[in-house]
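Encoded as structure tokens, the structure appears first; notes follow it.
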Amino acid sequence: MAGTETMLAEEELTEVNDRLAGAAPTDILRWAVDRYGDRLTMATAFGPEGCILIHLLAEIEANVRIFNLDTGYQFAETLALRDRIAERYGIEVELVGADTSVAEYEAKNGGPLYAINSERCCYERKIVPLRRALVGYDAWITAIRADQSADRARAKVLGWDPKFGLAKVNPLLAWTKRDVWAFIVANKVPYNPLHDQGYPSIGCWPCTRPVGAGEDERAGRWAGQAKTECGLHSLDSSQL
Ligand code: SF4
């Protein structure tokens, strides 16, 4: 389904990860752009980390296709952030959606699925469009940080993504939440105003709530369910 590469050699993985572990995100992005050229892409949900990566890609003038999985259930603030980013950086993040509008989808299913079967809703509104968007690409950039979850802590700067059949580049893996916000403030990077209203992690509005003091930063995603990831960055394919 992906581009020209069907695997990453173990030697390259080891060599690159030894060389780039702890490297500056800009250096990791430069390496990825040199290595993959126009077969490199990036998905963003406009989280603070994704906004930083867009800022850094603009700084190095990298012409990388960036897209957003537009489920139809995103907050208005998230979609407005896309416009602010376009104004600031001249980068138009492409909206990639499902085949059906929310109205069609809910009519087909007798109502919204997110409350009764969020796994299927995420699969049909995010994963299926994502698979389509990644066709023809050999690598994608993600905005994950190792300290976000035990699953993400196992990732490396460069990995092979067996679920989607392409390489995965994680430039911000070594950054902490504090690093992220220090960079945003210092560089006036546009960010989602909902972060100032108690939402540390923002997805679709039906599945995101503000978190209280002392709660995990992803505690507001699919609150009350065992689900913690939509399946994009989990290492466990059973999440699909
Ligand atoms: S986060 Fe919620 S609304 Fe969005 S696709 Fe997943 S289940 Fe559906």
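Here are some notes:
Conditions (1) away from the ligand (no atom under 12 Å from the Cβ); (2) surrounded by 15 or more Cβ atoms within 10 Å (Cβ to Cβ); (3) at pLDDT 75 or above, marked per residue:
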{"residue": "Lys168", "(1), (2), (3)": "yes, yes, yes"}
{"residue": "Val185", "(1), (2), (3)": "yes, no, yes"}
{"residue": "Gln197", "(1), (2), (3)": "yes, no, yes"}
{"residue": "Pro200", "(1), (2), (3)": "yes, yes, yes"}
{"residue": "Gly220", "(1), (2), (3)": "no, yes, no"}
{"residue": "Glu229", "(1), (2), (3)": "no, yes, no"}
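- Whenever a residue of the stretch 115-140 is near the ligand (Cβ under 9 Å from one of its atoms), its partners that are aromatic (Phe, Trp, Tyr) and not in a loop (DSSP other than H, G, I, E, B), lying with C-beta atoms within less than 8 angstrom and at least six residues away or across chains, give the pairs Glu124/Tyr105; Arg125/Tyr105.
- Of all residues making up the stretch 177-214, the number that are in contact with a strand residue (DSSP E or B) (Cβ under 7 Å, 6 or more places away or on another chain) and in a loop (DSSP other than H, G, I, E, B): 4
- As a summary of the residue check, Arg88 satisfies the conditions (1) in a helix (DSSP H, G or I); (2) open to solvent by less than 30 Å² (accessible area, probe 1.4 Å); (3) in contact (Cβ under 8 Å) with a residue 60 or more places away in the chain except for the one numbered (2).
- Restricting attention to the stretch 91-114 and to residues that are part of a loop (DSSP other than H, G, I, E, B) and of a type in the set (Val, Ile, Thr), the residue that is farthest from the ligand (Cβ to nearest atom) turns out to be Ile91.
- Screening Asn63 on (1) in a helix (DSSP H, G or I); (2) of a type outside the set (A, V, I, L, M); (3) open to solvent by 40 Å² or more (accessible area, probe 1.4 Å) shows it passes everything except condition (1).
- From the list Leu53, Leu69, the one residue that fits, being at pLDDT 95 or above, in contact with a Pro (Cβ under 9 Å, 6 or more places away or on another chain) and within 13 Å of Leu29 (Cα to Cα), is Leu53.
The values are calculated or read from the model by the stated rules, or taken from the named source; none is laboratory data. What you see is a predicted model, and the numbers here were worked out from it, not measured in a lab. We place every Cβ from the backbone using ideal geometry, glycine too, and count neighbours over all the protein chains shown. Note: areas computed on protein heavy atoms with side chains; ligands, DNA, RNA excluded. Shrake-Rupley method; radii C 1.70, N 1.55, O 1.52, S 1.80 Å.
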